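The structure under discussion appears below in the form of structure tokens.
FYI, it's all coordinate maths here, none of it is from the lab. Bear in mind that the values here come from a model prediction, so they are computed numbers and not experimental data. Reconstructed Cβ throughout: ideal geometry from the backbone, glycine too, with neighbour counts over all protein chains shown.
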Amino acid sequence: MSGNVIHDGTQIGCPHGGRAGAVAPASAASSGVRIDGLPVSTATHVHTVTGCRHTVDRVPVPCTSIRWTPATGGVLVDGAPVLLDTTTGQCFGAALVPQGAPVVSAAPRGVFCG
């Protein structure tokens, strides 16, 4: 699989306008892998969503998290697959109901894996 590596400077959101931010697990906090000084995101990072305006029948059901399904055989950091802007993902609400694919904006800087 090819694509741009996702890092803390990559803009990620839900399909309803919410913004996502990566939270590294405690075990990844010591990783020195960075792009342009920003930590690289891996499959072990939890992406939390804030500001989602999704409603069903006028009842708010905002996206709260993103789960990623990285392809096998890719680049690993500390044994975890690196996330690319082409990595498959799904946004979920608090009840873990799928709510659509995440939106990953092309980063103006970064590394391309091909």
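Here are a few things to note about the model shown:
- Amide H to amide H, with H built 1.01 Å from N, THR86 comes under 5 Å of ASN4, counting only residues 5 or more places away or on other chains.
- Taking 0.36 nm per residue of separation and subtracting the Cα-Cα distance, full extension of the segment from ARG19 to ASP57 would add 11.4 nm.
- Inter-label distance, THR69 to VAL33: 2.2 nm, where each label sits 7 Å from its Cα along the C-beta direction.
- 37 °C / 0.692 mPa s Stokes-Einstein diffusion coefficient of the chain, Kirkwood radius on C-alpha pairs, µm²/s: 228
- Relative to the current alpha-carbon distance between VAL46 and SER2, full extension at 0.36 nm per residue lengthens the span by 13.7 nm.
- Per-residue Karplus couplings for segment 55-63, computed as 6.51 cos²θ - 1.76 cosθ + 1.60 with θ equal to phi - 60°, are listed in order as 10, 10, 6, 6, 9, x, 9, x, 5 Hz, Gly and Pro entered as x.
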